[in-house]
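The structure's right below; bear with me while I get my questions together.
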Amino acid sequence: MNKPYIFLLLLAGLLYSCTSSELVENWKNPDIDTFEAQKVLVIGITPDDGNRKIFEKKLASELKKSGVNAVKSLGFFQEKFTTSPKTEEQLMALEEQLIEQGFDAILLSKVVGVEDRVTVVKAYRNLDKTFKSFRDDYFENQEIYHDEEYYEEYQIFHAESSLYCLCPEKEKELIWRGSIDITEPETTKKAVNDYVKVVIWALKGQQLLIIEEFTDEDLDI
């Protein structure tokens, strides 16, 4: 294994320790060793055009840093393309159009589910303490009654990114899929930045993007 890949693996812990996104599944087509996409259409499926613009712009920008000609779907699709459902025939025609224009891959991202969770945010200061009487136990823990922040509700967004090949000589096929959980982030921008960093890291780790040296900016997470 060459040094850049070892370096990437060592960085995995750093990436996950300071982001709101976590890679929970990282699947690669076993029939494909490496795949260096040259021109990719980046699609973010979301009803929020503002978030879609932020996401596609960030992901396309990071792909370009790796030498990939990444094109945002917002700039490629006609204005009303996403306003109505498309038939399979229309999507086949879209694939042919992409091939004619030199695209060799599509990177599709979407949120597939949202889960509400509740956690205890108060430290268990008495976790290892055994009380000898009800009076002591109650006295030490009665503040829980009045601590409105003792429990915290939060959401986890289950998202998925998939890299599909547009290869005229064979069936269009799934090359890579990554399932990523996004724990309720501080801002949309942070969520997008964290998610994109995980996607790029996973693609490089699977030898699906050109490996480049990390800069200080890349590590500013």
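The values are calculated or read from the model by the stated rules, or taken from the named source; none is laboratory data. Note that the structure is predicted; figures quoted are calculated from it, not measured. Note: ideal-geometry Cβ built from the backbone for every residue, glycine included; neighbour counts use all protein chains shown. These accessible areas exclude ligands, DNA and RNA; they are computed on the full protein's heavy atoms, side chains included. Shrake-Rupley method; radii C 1.70, N 1.55, O 1.52, S 1.80 Å.
Go through (1) in contact with a Phe, Trp or Tyr (Cβ under 9 Å, 6 or more places away or on another chain); (2) of a type in the set (A, V, I, L, M); (3) modelled with pLDDT of 90 or more for ILE54 and report which single condition fails.
(1)
Consider only pairs whose beta carbons are under 9 Å apart and that are at least six residues apart or on different chains; among these, list those whose first residue lies in the range 100-115 and is over 12 Å from SER162 (Cα atoms) and whose second residue is assigned to a loop (DSSP other than H, G, I, E, B) and open to solvent by less than 20 Å² (accessible area, probe 1.4 Å).
Taking only residues 6 or more apart or on different chains, the pairs are PHE103/ALA37; PHE103/LEU166; ASP104/ALA37; ASP104/LEU166; ASP104/CYS167.
Tell me, yes or no, whether the range 52-69 has at least one residue that is open to solvent by less than 70 Å² (accessible area, probe 1.4 Å), hydroxyl-bearing (Ser, Thr, Tyr), within 24 Å of HIS158 (Cβ to Cβ) and touching an Asp or Glu at 6+ places or on another chain (Cβ under 7 Å).
Going residue by residue through the range 52-69, those that are open to solvent by less than 70 Å² (accessible area, probe 1.4 Å) are 52, 55-56, 58-63, 66-68.
After this cut, where a residue has to be hydroxyl-bearing (Ser, Thr, Tyr) as well, the list is 61, 66.
Checking the rest, the ones that are also within 24 Å of HIS158 (Cβ to Cβ) come to none.
Within the range 52-69 (the criterion being open to solvent by less than 70 Å² (accessible area, probe 1.4 Å), hydroxyl-bearing (Ser, Thr, Tyr), within 24 Å of HIS158 (Cβ to Cβ) and touching an Asp or Glu at 6+ places or on another chain (Cβ under 7 Å)), the answer is no, since none of the residues qualifies.
Every residue in the range 56-98 that is hydrophobic (A, V, I, L, M, F, W, C) and either assigned to a helix (DSSP H, G or I) or in contact (Cβ under 8 Å) with a residue 40 or more places away in the chain (or both), please. Outline the logic, then answer.
Narrowing the range 56-98 to residues hydrophobic (A, V, I, L, M, F, W, C): 59-60, 63, 68, 70-71, 74, 76-77, 81, 91-94, 98.
Matches in the range 56-98: LEU59, ALA60, LEU63, VAL68, LEU74, PHE76, PHE81, LEU91, MET92, ALA93, LEU94, LEU98.
Could you list, in sequence order, all residues of the range 79-123 that are among the hydroxyl-bearing types (Ser, Thr, Tyr) and under 28 Å from LEU203 (Cβ atoms)?
Start the filter on the range 79-123 by keeping residues that are among the hydroxyl-bearing types (Ser, Thr, Tyr), which leaves 82-84, 87, 109, 119.
Hits for the range 79-123 are THR82, SER109.
What's the total number of residues in the range 177-206 that are outside any helix (DSSP H, G or I), over 13 Å from GLU22 (Cα atoms) and within 13 Å of the chain's Cα centre (by Cα)? Spell out how you get there, then give the answer.
Taking the range 177-206 and keeping what is outside any helix (DSSP H, G or I), we get 177-187, 206.
So of that shortlist, the ones also over 13 Å from GLU22 (Cα atoms) come out as 177, 186-187, 206.
Next, only the ones that are within 13 Å of the chain's Cα centre (by Cα) stay: 177.
Residues meeting the conditions: 1.
Give me the pairs: first residue in the range 137-149 and at negative phi, second residue open to solvent by less than 100 Å² (accessible area, probe 1.4 Å) and of a type in the set (Ser, Thr, Tyr), beta-carbon distance under 7 Å, and six or more apart or on different chains, which are they?
If the second residue must be open to solvent by less than 100 Å² (accessible area, probe 1.4 Å) and of a type in the set (Ser, Thr, Tyr), the pairs left are ILE144/TYR150.
Within the range 162-173, how many residues turn out to be out of contact with any Gly (no Cβ under 9 Å at 6 or more places or on another chain) and either open to solvent by less than 40 Å² (accessible area, probe 1.4 Å) or in a helix (DSSP H, G or I) (or both)?
First, the residues of the range 162-173 that are out of contact with any Gly (no Cβ under 9 Å at 6 or more places or on another chain): 164-173.
Retained after the next criterion (residues that are either open to solvent by less than 40 Å² (accessible area, probe 1.4 Å) or in a helix (DSSP H, G or I) (or both)): 165-167.
Going through the range 162-173 one residue at a time, the tally reaches 3.
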